[in-house]
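What follows is one structure encoded as structure tokens, with my remarks underneath.
The values are calculated or read from the model by the stated rules, or taken from the named source; none is laboratory data. Keep in mind that what you see is a predicted model, and the values were worked out from it rather than measured. Please note: Cβ atoms are built from the backbone with ideal geometry, for glycine as well, and neighbour counts cover all protein chains shown.
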Amino acid sequence: MVNVMMKKTILKLALSVVTAVMICPAASQASAEPSLVFAGEKIIDEKTTRRIKESDSSLQYEELMDSFEETETGELIYPDYYGGSYIDDDGGLVVCIVAANAEEKKYASKSIKEAINASDFKIKNVKYSYNELEEMMEYLNKYKQNTRDSEIAKSWSGHFLSDSDNAVLVQLDDVSDEQISLFRKEVTDSPMISFINSGGQGVDCANLNPERDINNPAMGISGLMGYKLVLTGELALLWLLMRLL
């Protein structure tokens, strides 16, 4: 197993290589692209700039996860203040925290800043901790497995944890008030749950958490969900390196 410091060094080196690869095409197209942003002597278009920021945010996320303790089986132990993480529309890292007062918020913010060793991330106050959301996921997983032939199970195509919504999103074939009421009556009426239409509905690509349980039999998906980032080209290489370490 690669130690934490070596892992960070390799990831930063990989980011430098990916950045250099992405900069070259942008520079060659400078004359054809009027809306370019100049960064020193390098010309980077806005799309490439965002990709670089997303990559940096992914590294910050890795550092945050590395700071959490693990069980003997290697599962992360999330602090009670941790509410999840995601990348926003600007490519920046947003870390969600649960804090009942200013003192708790100060402690959580300080702990996260020390783990990431940076200040260019955002803190967002949320209602539910990541542990609470995971417990709800486990409950739904078990319920669905044990009631496969029930009416609600047949119309309930899947569910997933959304950090950006601070909720567990349940996919229903029919999101009418009647079906939602049936779900809340038969399964759970937890306020942590929100409902979406399963038809053509994709998973939120803003969330970050690796190795997340996912249950969507209608799509033939079960087991674990990895990094929910849109990674193409050079960024796919960076993602692969991150997963191998």
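Numbers for the structure displayed
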quantity: Pair list, Cβ < 8 Å and 6+ apart or interchain, from region 48-77 residues that are farther than 13 Å from residue 95 by Cβ to residues that are assigned to a loop (DSSP other than H, G, I, E, B) and among the β-branched types (Val, Ile, Thr); calculated: 77/71
quantity: Looking only at region 168-179, and only at residues there that are free of Cβ contacts under 8 Å to residues at least 40 places away in the same chain and crowded, with 20+ Cβ neighbours inside 10 Å, the one that is farthest from residue 198 (Cα to Cα); calculated: 168
quantity: Within region 94-149, considering residues that are in contact (Cβ under 8 Å) with a residue 12 or more places away in the chain and of a type in the set (Gly, Ala, Ser), the one farthest from residue 57 (Cα to Cα); calculated: 99
quantity: Strands (runs of 3 or more DSSP E) (entirely within region 24-128) containing at least 3 residues that are buried (at least 16 other Cβ atoms within 10 Å of the Cβ) and at pLDDT below 95; calculated: 42-45
